[in-house]
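The values are calculated or read from the model by the stated rules, or taken from the named source; none is laboratory data. Worth saying up front: this structure is predicted, and the values here are computed from it rather than measured. Positions of Cβ are backbone-derived with ideal geometry, glycine not excepted, and every protein chain shown enters the neighbour counts.
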């Protein structure tokens, strides 16, 4: 009996090792630093294989020029919490944050310049198609846009300025555009909305009474004009293959209860998601099956959340979270 039990255990261990190896390995790209009260990282984005940026609480801005081998702090001109970052090339990028803050750089973060948004709500998400056209979203249903790289920002009809209309509107937490006119935004209470005119008008895509999903949605990612995912509170993962006409739940058999914070796909098949308690999920079949990447949890504390994840190319992925922690994935 002992030999048989030992053999069974060995076989199970071998299966787990093979499964883990198939998904690659996570390693620490940057250690956490709770002693110096470094902020939790809420956003991370790579412009290419080498140049990446991460932002978070206490106005922290981090940058790497060597694919995550080292990270350097950059000077922020504001003291607000920062929530999201987006670059269109290695030099040009924007950061959004609390009190309507948007920061801009055209030199890779050597200098960050505040831009005037005329709103004072927290801007949780920011996205740019190119060096000129961009959008940001936040509390109270706020949506703002620019066609000048942020030299001037305009309030769209779907949003609300701080202290003005729309105080009861659900907040938006993320936004993405595929073309100058076609985009999506997600947020509180299961909100999923699509626009076909650059954000002037928005169409609800999640009928809560039909889907039963009224959880807060943290972020979204579309790989083309029809295929995308959104994730959020209570382990919610939703997928569409028809531009949002229908959304279906994924990973329902996993019993997920963790709040999922980040999602990023490099193709219609392969993507990753991150969340509370060190959770990192990986799929290679478009989300039909999701597997917990155990090596990600082993690199962090079981309590540590990963608030953001980016999968810029097939060679690497990065997860950012509590106390400035950044993990790097290698296939």
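Beta carbons closer than 6 Å, at least 6 apart along the sequence or on distinct chains, pair a first residue in the range 111-122 that is under 15 Å from residue 134 (Cβ atoms) with a second that is at pLDDT below 95 and in a loop (DSSP other than H, G, I, E, B) for 119/161; 119/162. Within the range 203-255, the only residue that satisfies the criterion of being closer than 21 Å to residue 143 by Cβ and part of a helix (DSSP H, G or I) is 208. Among residues of the range 295-317 being over 14 Å from residue 28 (Cα atoms) and in contact with a helix residue (DSSP H, G or I) (Cβ under 9 Å, 6 or more places away or on another chain), the one that is modelled with the highest pLDDT is 307.
Scanning the range 203-226 for residues that are over 16 Å from residue 172 (Cβ atoms) and crowded, with 20+ Cβ neighbours inside 10 Å yields one hit, 213. Residues that are under 21 Å from the mean Cα position of the chain (by Cα) and surrounded by fewer than 19 Cβ atoms within 10 Å (Cβ to Cβ) within the range 89-121 comprise 89, 90, 91, 92, 99, 104, 108, listed in sequence order.
Inspect the range 185-202 for any residue being at pLDDT below 95, closer than 27 Å to residue 286 by Cβ and surrounded by fewer than 16 Cβ atoms within 10 Å (Cβ to Cβ) and give the result as yes or no. Yes: the range 185-202 contains one or more residues that are at pLDDT below 95, closer than 27 Å to residue 286 by Cβ and surrounded by fewer than 16 Cβ atoms within 10 Å (Cβ to Cβ).
Being in a loop (DSSP other than H, G, I, E, B) and touching a strand residue (DSSP E or B) at 6+ places or on another chain (Cβ under 8 Å): is that true of residue 91 here?
Yes: the conditions hold for residue 91.
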